[in-house]
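These notes are about the structure you will find just below.
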Amino acid sequence: MAGDGCELAVLDNPSARGSAAAGAPCYVDGMAAMLHGATGKTGVLFLSPWGFEELCARKAYRLMAERIAGNGYPALRFDYPGTGDSAPLPNDTGGWTGGARKMLTHFKKTRGLDRVVLVGQGLGGLVAARLAASEPDIAGLALLAPVSAGKGYLRALAAWTAFTQPTFKVAPDEAGDGSLTSAGFVLSPETISEIRSLDIKRAALPENLPVLLVKRFEHPADDAVEEHLVECGTAVRSAVFAGYDAYTSDPTLSEVPSDAIATLANWISDTFEPGKASAAIEPAPARLDLGGCVEEACRFGEDGRLFGILTRPMPGPAKAGVVLLNSGYDHHIGWAGAHVEMARKLAGEGFATLRIDASGIGESPLMPGQGAQILYSDAQIADVREAVALLKAHGIGKVVVSGRCSGAYLALISSVALEDVDGMVMVNSRRFAWNPRQDVDIEIRKPVQPLKSYQRKLRDPRVLKRALSSPKAFRESFAKLVKGVARPFFRAMAPLLGPLSMHNRLDRQVQRRMASLRRRDVPTLIVYSENDPGLEELASYFGADYRRMEIYRNARLVFVPDADHNLTPKAARQLLLRETSALLRQLAGSAGNLDERTDAIEAAQ
């Protein structure tokens, strides 16, 4: 079964994990990578899934690599060309497979390896199988819920995107240039063509090649892959991927598949001797020149416990900077890669950014003694303090903190607590204050809807008919409807109840926080998608027409049309970019159009 919070806290405990297994960031031919050092001559190269699935998998991939490196096997993870933190896809890489071959060659050469085991999940399974069928020195292959055929995957991806269009507000052919958009992530026409050509069942894998297949429960495509592996004569071992759905269904609700991690690590240890490699070469520099800006992947904070990527304009210096905080458990690239996009575009205007992984998210382990659930916690302020200090240490005098959803809440409480924060951006915040009676694990799983939605359902005979058709369904539906309608009633009663009302106490806390930012004259940008569920929270503290916000002259309220909670549509992200840029120009004491660096970066991209 998937790991619970207690098990995760042990699995992600820095002292238990050992510092030797912690990843060192580097770049290889423009590809962002993370090397987990060890002395063995058998290395493990990870081929990642893509898009939404990769958002879910980043932390688990880190934990897999740390555990394997801790057992003596060097491990290397990386982002394909044009994805994640890597440089935009150039024309001479040979696509994802070509990039993977370059990474494989680099890994063997720099670590003195005799052989390499490939690990691939999702689309990464397709790439791994292609390499295993064509490259020498591949000692073994581990396929974790692999995509079996590229053509079928692309059809399913387009269908899923069409199905989720009402939620994310993007269509599969959003760009209109032959690319494929899914949850805001984009596959170029060239990458689509490459994926179409990949099929595990056509891969002529070497006979007797050790293969681990971790299969989804009752999944015909995985069964077909296993049949092909047997036909090829590989030494295949199969296992059930326990907790796969809970792992890949949502980045914020993703449960680390501890059983699958153990299965992979044990299979590698049981099948391959780590050996002793010849002297390794130092890792490649953790610096990427994009022409007009430079990115540096770094570990910072006490004992380098936090990870981030600093993007700076070139030539410098930066006029101001912004810390981009995680939303839920989306790692530092942001939903749909929005943080990468924003960082590189802001660099074109002369501004620096630091996109980070807070403790327990993405590349950053939990702090010692920290519980597995870190969202909506004051403990996260320490992470923001370290990030702001890093920007200030680089000579960036004015620093903004920016976040969406839970990251917006963290931006608020950090801006109040840290006087060296000079500006704040809150996007689609669902909380301005946290009710201590509420459990974070329960609250983040609730499909919160605006009051108008509940009122609409009360008048919808189809909803009432479905609810009445089952006593259990009726009770559950009625409870949700009553809670939705009751919330504004209890909030309206708060002034009469005084300190007896929890909402009244929370309201006072919110007003104190906003007043603190006003006294320090901290420019505050509050952004909401139209019809976002968080608007109910905004109205509860600032009035139905938000007029109470007017007393905070340092704050500005902006609404984004035709956007979802994640700001998936490109136009929504562009609006946020413009507003953030304007706030940074205000702090830097400058105004006007983009400078020449913008043209340089766009040309490079």
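What is the distance in Å between the Cα centroid of segment 327-373 and that of segment 399-440?
If you average the Cα positions of each part, the centres end up 15 Å apart.
Each residue of segment 196-207 in order: what ³J(HN,Hα) in whole Hz does its phi give by Karplus 6.51 cos²θ - 1.76 cosθ + 1.60, θ = phi - 60°, with x for Gly and Pro?
Result, ordered by residue: 4, 7, 9, 7, 4, 6, 9, 7, 8, 7, x, 5 Hz.
To the nearest 10 Å², what's Arg520's accessible area with a 1.4 Å probe?
The value for Arg520 is about 70 Å².
What do you reckon, how do Ile444, Ile68 stack up by accessible area (1.4 Å probe), largest on top?
Ile444, Ile68
Under a 1.4 angstrom probe, counting protein chains only, how are Ile413, Ile442 ranked by accessible area, largest first? Before the final figure, lay out each step's value.
Working: Ile413 10, Ile442 95 Å².
These residues rank, largest area first, as Ile442, Ile413.
Seen from all sides and averaged, what is the projected area of the convex hull of the Cα atoms in segment 78-177, in nm²?
That works out to 8.0 nm².
Roll a 1.4 angstrom probe over the protein heavy atoms and tell me the percent of accessible area of segment 325-419 that is carbon or sulfur.
Values: 1130 of 2140 Å².
Accessible surface attributable to carbon and sulfur in segment 325-419 totals 53 percent.
What's the carbon and sulfur percent of segment 153-197's accessible surface, probe 1.4 angstrom, rounded to a whole number? List each step's numbers first, then the result.
Values: 1320 of 2300 Å².
Percent of accessible area from carbon and sulfur atoms in segment 153-197: 57.
Order of 258-268, 78-88 by packing, highest average Cβ count within 10 Å first?
Ranking, from highest mean packing down: 78-88, 258-268.
Give me a comma-separated list of calculated 3J(HN,Hα) values for segment 558-571, in order, Karplus coefficients 6.51, -1.76, 1.60 applied at θ = phi - 60°, integers in Hz, x for any Gly or Pro.
Here the 3J(HN,Hα) series is 10, 10, 10, x, 6, 9, 8, 4, 8, 6, 5, x, 4, 4 Hz.
On a 1.4 Å probe surface of the protein chains, which of Tyr73, Tyr153 comes out largest in accessible area, and what is the full order? Before the final figure, lay out the partial values.
On the way: Tyr73 5, Tyr153 40 Å².
From most accessible down to least: Tyr153, Tyr73.
Compute the orientation-averaged projected area for segment 290-378 from the convex hull of its Cα atoms and round it to one decimal in nm². Before the final figure, lay out each step's value.
Numbers: hull surface 24.6 nm².
Mean projected area of the Cα convex hull: 6.1 nm².
What figure, in Å² to the nearest 10, do you get for the accessible area of Asp289 with a 1.4 Å probe and non-protein molecules left out?
Number for this one is 120 Å².
Please give the charge dipole size of segment 153-197, origin at the Cα centre, charges +1 on K and R Cβ atoms and -1 on D and E Cβ atoms. Round to the nearest 20 debye.
Numbers: 3 positive and 5 negative charges, 42 e Å.
Around 200 debye, computed over segment 153-197.
What number comes out for accessible area per residue over segment 153-197 if the probe is 1.4 Å? Units Å², please.
Numbers: 2300 Å² over 45 residues.
Result: 51 Å² of accessible area for each residue.
The values are calculated or read from the model by the stated rules, or taken from the named source; none is laboratory data. A quick note: this is a predicted structure, and the numbers were derived from the prediction, not measured. Virtual Cβ from ideal backbone geometry, glycine too; neighbours counted across all protein chains shown. For the accessible areas, the whole protein counts, side chains as well, though only heavy atoms, and no ligand, DNA or RNA atoms are used. Shrake-Rupley method; radii C 1.70, N 1.55, O 1.52, S 1.80 Å.
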